[in-house]
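Everything below concerns the one structure shown next.
What follows is calculated from the coordinates using simple rules that are stated; it is not laboratory data. These numbers were taken from a predicted model, which means no experiment stands behind them. Neighbour counts are summed over all protein chains in view; Cβ atoms, including those assigned to glycine, are modelled from backbone coordinates with ideal geometry.
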Amino acid sequence: MQQFGSVADLARAVGVSDNAIYKWVSGRGQPSMMSLVNLAKAAGVSVEWLATGRGASGRIKSDASGPTETCDSIVTTAKASRAAGEPAPPPSPQIVDYVRLRADWLQRVLGADARSVAIVVAVGDSMAPTIDEGDLAMVDLRENRFRYDGIYVIHAGKELAIKRIQRQPDGTLLIRGDNSAYEPATVMPDQLDLLGRVVWVLGRL
């Protein structure tokens with residue numbers, strides 16, 4: 001509030017109504033995951049600090065070249081370099097800017113490279129109960145070709161979708177959600193446009 005000077009300016013920066021800001025300040029409501037991310041981006045602070053008060057409270061300096069091996073933050077797909085020099089996919093509002101995690105932990109536990117991961121916000125309930133709406137999914141961008149069954153992020157028009165993909169005996173791929181209310185779809189491997197494979201689900205911050 002002090003940084004932006006007025007409720008109206010802050011609301012415009014976050015993309016919400018003035019009333020939403022008043023509710024957050026008064027304690028009558030809490031921001032959604034997407035609003036929390038947008039608020040952190042607008043103020044230039046980490047989502048962790050904004051949500052919990054823990055971690056670095058200072059402003060985050062954006063680096064268009066992406067993190068180094070020792071960086072403790074994961075950057076967006078739009079700012080990260082793809083493996084083998086491939087261009088980054090188009091930016092999406094579903095992709096979160098920063099989630100503070102140690103690069104050495106990523107490599108040791110998940111086998112992931114901090115320069116080739118993105119955090120995607122789940123939209124909808126098609127993957128419930130495995131992944132709920134608003135959960136954060138870590139995606140390994142190096143795995144943008146289907147090799148084995150798993151949960152992947154796919155390009156669905158202009159949006160991203162998190163789906164479970166399984167190879168069928170006839171060579172086709174079954175795309176389905178874990179929510180039985182949604183019908184699965186079958187495609188040929190060359191019809192699939194993958195962003196990457198989900199290697200970890202963080203849940204809501």
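Counting 0.36 nm for each residue step from H155 to A13 and taking away their Cα separation leaves a gain of 48.4 nm. Could you tell me how far the Cα centroid of segment 1-40 sits from the Cα centroid of segment 115-137, in Å? If you average the Cα positions of each part, the centres end up 23 Å apart.
Can you tell me the length gained on complete extension of the stretch D132 to V187, counting 0.36 nm per residue apart and subtracting the Cα distance? Computed gain between D132 and V187 is 17.3 nm. Each residue of segment 33-43 was assigned a 3J(HN,Hα) from its phi angle through the Karplus curve 6.51 cos²θ - 1.76 cosθ + 1.60 (θ = phi - 60°); the sequence is 4, 5, 5, 4, 5, 5, 5, 5, 5, 4, 8 Hz, with glycine and proline shown as x.
Annotation for T52 and Y148: the two label points, set 7 Å from Cα along the Cα-Cβ direction, are 3.1 nm apart.
Sorted on the mean count of surrounding Cβ atoms within 10 Å across their residues, most packed first, peptides 4-12, 41-49, 137-145 read 137-145, 41-49, 4-12.
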